[in-house]
Amino acid sequence: MHRHPNISLWQREEDGSYKSEQDGWTLHVSWHPETKEADKRRGFSWAAESSDGKKLEGEGVHEEIETAMSLAEDAAKHAGSA
């Protein structure tokens, strides 16, 4: 079962990306347009940084923004409880 993000926590930034704060983590989701390079497909990536400077980053890009958001939320939740 796929979990959906808590969209109300995410704020759109001027550059079109989205940010949120959760349990001492700053979450960031960015859009990557399709390029002519064969290994570069379009989609959303996520990254997270804790208040003490620990960084997490997702692998690859995801077609749906909700997927990237929920993965960022899950990563911050699990890193905070570890």
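Of all residues in the stretch 49-82, count the ones that are among the small types (Gly, Ala, Ser) and under 13 Å from Trp10 (Cβ atoms).
So the count comes out to 4.
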TODO: Could you please find all residues in the stretch 9-21 being part of a strand (DSSP E or B) and surrounded by fewer than 17 Cβ atoms within 10 Å (Cβ to Cβ)?
DONE: Gln11, Arg12, Lys19, Glu21
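Do we have any residue at all in the stretch 58-77 that's at positive phi and in contact with a helix residue (DSSP H, G or I) (Cβ under 8 Å, 6 or more places away or on another chain)?
Taking every residue of the stretch 58-77 in turn, none turns out to be at positive phi and in contact with a helix residue (DSSP H, G or I) (Cβ under 8 Å, 6 or more places away or on another chain).
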Task: Residue count, the stretch 8-58 (criterion: touching a strand residue (DSSP E or B) at 6+ places or on another chain (Cβ under 7 Å) and among the basic types (Lys, Arg)) - done: 4
Task: Tabulated pairs, the stretch 38-63, first basic (Lys, Arg), second outside any strand (DSSP E or B) and surrounded by 17 or more Cβ atoms within 10 Å (Cβ to Cβ), C-beta under 8 angstrom, 6+ apart or interchain - done: Arg41/Val61; Arg42/Val61
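Rundown of residues vs (1) among the acidic types (Asp, Glu); (2) within 18 Å of Lys19 (Cα to Cα); (3) modelled with pLDDT of 90 or more; (4) out of contact with any Gly (no Cβ under 9 Å at 6 or more places or on another chain), yes/no style:
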position: Trp31; (1), (2), (3), (4): no, yes, yes, no
position: Glu34; (1), (2), (3), (4): yes, no, no, no
position: Lys40; (1), (2), (3), (4): no, no, no, yes
position: Ala47; (1), (2), (3), (4): no, yes, yes, no
position: Ser51; (1), (2), (3), (4): no, yes, yes, no
position: Lys54; (1), (2), (3), (4): no, yes, yes, yes
position: Gly58; (1), (2), (3), (4): no, yes, yes, yes
position: Ala72; (1), (2), (3), (4): no, yes, yes, no
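Return the total of residues in the stretch 31-69 being part of a strand (DSSP E or B) and either touching a Cys at 6+ places or on another chain (Cβ under 6 Å) or surrounded by 12 or more Cβ atoms within 10 Å (Cβ to Cβ) (or both).
Final tally of qualifying residues: 13.
The values are calculated or read from the model by the stated rules, or taken from the named source; none is laboratory data. Because the structure is predicted, anything quoted here is derived from the model rather than measured. Note that we place each Cβ from the backbone using ideal geometry, even for glycine, and neighbour counts take in every protein chain shown.
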